[in-house]
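Q: This structure is in C-alpha cells; I'll ask about it shortly.
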Amino acid sequence: MRFFLQLLVTGVALGSIYALIALGFVLIYKSTRIINFAQGELVLIGAFTAFAFLSQAGLPPALALPLTIVVAVVLGFTVERLLLRPMLGEPVIAVIMVTLGLAGILKGSARAIWGSVNRPFPDIFPALSLTLFGVGIPGPFLWGCLIAGVCLVAFTLFFRFSGWGVMMRAAANHQAAALSVGIDVRRVFALSWAIAAAVAALGGVLLGAINVIDMNLGAIGLKVFPVVILGGLDSIPGAILGGLIIGVLENLSGGFIEPWVGGGVKAVAPFVALLLILLIRPYGLFGTREIERL
Amino acid sequence: MPDNAILAVEDVSLSFGGLAALSGVSFEVAPRTIHALIGPNGAGKTSLLNCFNHFYTPTAGRIRFEGRDITALAPHRIAALGIARTFQNIELFRGMTVLDNIKLGRHLHMGVGPLAALAYWGRARREEIRHRRFIEERVIDLLELEDIRDQVVGALPYGLQKRVELGRALAMEPKLLLLDEPVSGMNVEETQFLVRYVLDIREVWDVTILLIEHDMRVVMDISDRVTVMDFGRIIADGPPAAVQHDPGVVTAYLGEPGRREATA
C-alpha cells in the first residue's frame, strides 16, 4: 500500500510536469493547427540552458531560472519569425515537416554544445519535504508539482479571462474573422510559440531537478504526445488531466508490472492507454468533437 | 466630391495567376450613405471587398479610406481604422458564445495589453463598464439578441448567425461597414428584419454602409447609390433608379439584348 502511494504521488508530480510541457503543445495546436514535433527538443534546450547558467556559469538559481525562461522566450519568438511565419498559409503538413526539421536542428545543436554525457543538475530548490499518508515525498517532486500546478492554473485563467487569452482563442477559432475584427494574428502566433518554449524550458528544469539530464530528454516530446491526444489536442484542462493520467500510469506500471514481465513496460504503458482511449473517444477526453453538417 | 469620399477606390486591378478578377475598378463611397455593389456571380464584388480588408493585395491601384492610402496596411490595422465587415459565408468564432463573439468585435476599443488585466481596477474598470453598456444597449438590444446571448454560435440557425455576425461588426463601432450578401439564404421575414436593422443602424449611428447584395428589391429599396460590376469592371454607377434602366446593366443581368429586341 505504501509502495502504491509512493508511486501514485510521484506519478502525480511527474504528470503535472508532463502537463506543463503538453500545455505548450496544445497552445501551438490551438492557435495555429500545427503539431509541433519540436516540443521535446525545446524541453531539451531549456534544461541544458539552465544547466549552463547554473553549473557552467555558476549563477544562483534565482538568477539562472529567469534567464533560462528569457532565453526560451527569445528562442520561441525567433523560431516563429524565421521558420514558421514564412510558412503562413502553406499546407499544414508542410509546416509540420518544418517542426520536424527544427527538432533535428535543436537536438544537433544541443549535442554539439554540451556533448552526449549525463549532466547532473545542482540542487536548485530549497530543501522541502512533506509526508503524506505516511509517504515521504522528495523535495524536487514536490517543487515540480507545485510550480507546474501554479503555472497550469495561471495559464488556464489567462486563457479564460485575459484579453490576450480571448484573442488567442479567437485566432485559433477563425483566422479571417479574427483579422476582420482587428486582431493581429501573427502576434498571437508569435506569442503562442514564445509561451510554448517557456513552459517547455520550465518543464525541462523541473525534470532536471528530479533526475539527471542527457540528450535523450528530447524524447519527452513523444511522451507528451499521448498526453495531448488523451486530453484532446485542443483542450488545456484535457492536457492537465492527460498529463496526470500518463504520469501515474507510467509510474504504476513501472512499479507493479515491470518486475514481472521485464523492462520497457513503463515506456509502453502510456501508448497502450492512448490506443485504448482513442478507440473509445477518437477526439480525446476533452477534445472538440468535429461535427460536419452535410 | 473626391475629397470628402469616405472610401475611394482608384484604378484597382487584381489577378490570380493569369486570371483577372478586377480590372481598373474605380468608384467612391460618400459618407453616411448606403452604397450597394451589385453584379452577376463572379463579377468580382467579394474580391474587391477582400482588397478593402487586405485579405487580397491588388496587383495595381490604390484604396483610400478617409483620404489615407490603406492598400498596403495589415488587415488588423485596417480594422482599427474603422472598417468592419461581415462575410458571405458567415465567419464567426463558432465555438464561442454570442456574447464572446460580439465582445471580440469590441476588443479594438479596449486596452488589452498584457498588463491591462493587471491594472484592471480604476480607469480600466470604468472603461470596461462603458464597453459593456455599449454592447448591451447598442448591439444586443438593437439586434434583439438578448435571448441567445449565452448560446454557442455554432448551434444557432443560419439567420441568427448572420445577425450575430452583424452584431460583431457593429461592436467595432465602425465608420465603414462592409456587408457581403447580408440577406442571402434568408426567408422573406428574416430579410425584412435585416433590412430594418440596416436602416436603423444608419439612422442611429454615424456609419457608412457598403453592401453587396443580389436581392434587387432590397438593393433598390435601401441604397442611396448603386455600383454595378461585371467581369471585374464597373459597368454602371449612379442612383438606383438610373442604374436600373441602364442598358449595360440590363445586358449584364439578362444577356444580349438582340434576342429580346427581336421578340419585342
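Q: Taking the condition of being within 14 Å of chain B (Cβ to nearest Cβ) and among the hydrophobic types (A, V, I, L, M, F, W, C), how many residues in region A:145-168 meet it?
A: Adding up the residues that qualify gives 10.
Q: For a quick check of your reading: which helices (runs of 4 or more DSSP H) sit entirely within region A:1-99 and have at least 3 residues that are open to solvent by 20 Å² or more (accessible area, probe 1.4 Å) and either small (Gly, Ala, Ser) or touching an Asp or Glu at 6+ places or on another chain (Cβ under 8 Å) (or both)?
A: It comes to A:2-32.
Table: residues versus (1) under 19 Å from B:Pro75 (Cβ atoms); (2) facing chain B (nearest Cβ under 9 Å); (3) touching a Gly at 6+ places or on another chain (Cβ under 8 Å).
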position: A:Ala170; (1), (2), (3): yes, yes, no
position: A:Ile183; (1), (2), (3): yes, yes, no
position: A:Ser192; (1), (2), (3): yes, no, no
position: A:Gly203; (1), (2), (3): no, no, yes
position: A:Ile210; (1), (2), (3): no, no, yes
position: A:Ile213; (1), (2), (3): no, no, yes
position: A:Asn216; (1), (2), (3): no, no, no
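Q: Which condition breaks for B:Leu166 when tested against (1) outside any helix (DSSP H, G or I); (2) within 18 Å of the chain's Cα centre (by Cα)?
A: Failing condition for B:Leu166: (1).
Q: Examine region A:134-144 for a residue that is within 14 Å of chain B (Cβ to nearest Cβ) and out of contact with any Gly (no Cβ under 7 Å at 6 or more places or on another chain), and state whether such a residue exists.
A: Checked against the condition, which is being within 14 Å of chain B (Cβ to nearest Cβ) and out of contact with any Gly (no Cβ under 7 Å at 6 or more places or on another chain), region A:134-144 yields no hits at all.
Q: Hey, among the residues in region A:106-131 that are touching a residue at least 60 places away in the same chain (Cβ under 8 Å) and of a type in the set (Val, Ile, Thr), which one's least open to solvent (accessible area, probe 1.4 Å)?
A: Looking at the filtered set, the residue picked out is A:Ile124.
Q: All but one of (1) open to solvent by 40 Å² or more (accessible area, probe 1.4 Å); (2) in contact with a strand residue (DSSP E or B) (Cβ under 8 Å, 6 or more places away or on another chain) hold for A:Val181; which doesn't?
A: Going through (1) open to solvent by 40 Å² or more (accessible area, probe 1.4 Å); (2) in contact with a strand residue (DSSP E or B) (Cβ under 8 Å, 6 or more places away or on another chain) one by one, A:Val181 breaks only (1).
Q: Across region A:88-97, what is the total count of residues that are under 20 Å from A:Ala219 (Cβ atoms) and β-branched (Val, Ile, Thr)?
A: Of the residues in that region, 1 qualify.
Q: On the given criteria, is A:Leu249 out of contact with any Leu (no Cβ under 7 Å at 6 or more places or on another chain) and under 12 Å from A:Leu8 (Cα atoms)?
A: yes
Q: Any idea how many residues of region B:174-205 are of a type in the set (D, E, K, R) and in a helix (DSSP H, G or I)?
A: 6
Q: Is it true that some residue in region B:150-163 is at pLDDT 85 or above, more than 19 Å from B:Phe52 (Cβ to Cβ) and under 14 Å from the mean Cα position of the chain (by Cα)?
A: Yes, some residue in region B:150-163 is at pLDDT 85 or above, more than 19 Å from B:Phe52 (Cβ to Cβ) and under 14 Å from the mean Cα position of the chain (by Cα).
Q: Restricting attention to region A:108-153, report how many residues are at pLDDT 80 or above and under 27 Å from A:Ile236 (Cβ atoms).
A: Selection size over region A:108-153: 14.
Q: If A:His174 meets every condition in (1) within 14 Å of another protein chain (Cβ to nearest Cβ); (2) open to solvent by 30 Å² or more (accessible area, probe 1.4 Å); (3) in contact with a Pro (Cβ under 6 Å, 6 or more places away or on another chain) apart from one, which number is that one?
A: With (1) within 14 Å of another protein chain (Cβ to nearest Cβ); (2) open to solvent by 30 Å² or more (accessible area, probe 1.4 Å); (3) in contact with a Pro (Cβ under 6 Å, 6 or more places away or on another chain) applied to A:His174, the lone miss is (3).
The values are calculated or read from the model by the stated rules, or taken from the named source; none is laboratory data. As the structure is a computational prediction, the values presented were derived from the model and not from experiment. Positions of Cβ are generated from backbone atoms using ideal geometry, with glycine treated the same way; all protein chains shown enter the neighbour counts. Ligands, DNA and RNA are stripped out before the accessible areas are found, and what is left, the full protein with its side chains, is counted by its heavy atoms. Shrake-Rupley method; radii C 1.70, N 1.55, O 1.52, S 1.80 Å.
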